Amino acid sequence: MELVEVLQQIIQENSKAMQPADLVVGTVTQVKPLEITTDNQAAPLRSQVLYLTAAVVEKKVTTFAHSHNTTHNHTVTDATIMPAGQCSTELTGITCYENGQALPNDGFITLNRGLEVGDKVLMLRVQHGQKYVVLSRVFQEV
């Protein structure tokens, strides 16, 4: 082997040993405090080593009651007929779904739900495997 080849091999082995970053799939096993397991033999990762991105943190906005008006005369289901040919329809009975399941209607629209037990998550392992960035939930079709 030439010196250049030996140096390249040493650099490659050193890079592998450092593990600068690696994608890992884990499962949420506990929410408060947060714990995520990556395999059955290793201890769960605890909140102290987990950094959450906006994609896995709950975000909600309040809903506002409102109505829609039209200037032509027609029949609309669940509508209240207004004077001068206008009709008003309140948005009621609307159900939002995520991953095939209905979301609760509690006066808020959930833009992004928080992590729940059983969620599969995609993580980025950093700092020689000492810290993990939780990037997003992973959905698998059944």
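What follows draws every value from the coordinates through simple rules; no lab data is involved. Keep in mind it's a predicted model, so treat the numbers as computed, not measured. In this analysis, Cβ positions are derived from the backbone assuming ideal geometry, glycine residues included, and neighbour counts consider all displayed protein chains.
Close amide H contacts of TYR51 (hydrogens built in the peptide plane, cut-off under 5 Å, sequence separation of 5 or more or a different chain): TYR132, VAL133, VAL134.
Could you please report the charge total around LEU135, scoring K, R as +1 and D, E as -1 over all other residues with beta-carbon less than 15 angstrom from its beta-carbon?
On the way: positive: LYS120, ARG125, LYS131, ARG137; negative: ASP22, ASP119.
Result for the local shell: +2.
Phi angles across the stretch 54-59 convert, under the Karplus curve 6.51 cos²θ - 1.76 cosθ + 1.60 with θ = phi - 60°, into 3J(HN,Hα) values of 4, 5, 10, 9, 5, 10 Hz, Gly and Pro given as x.
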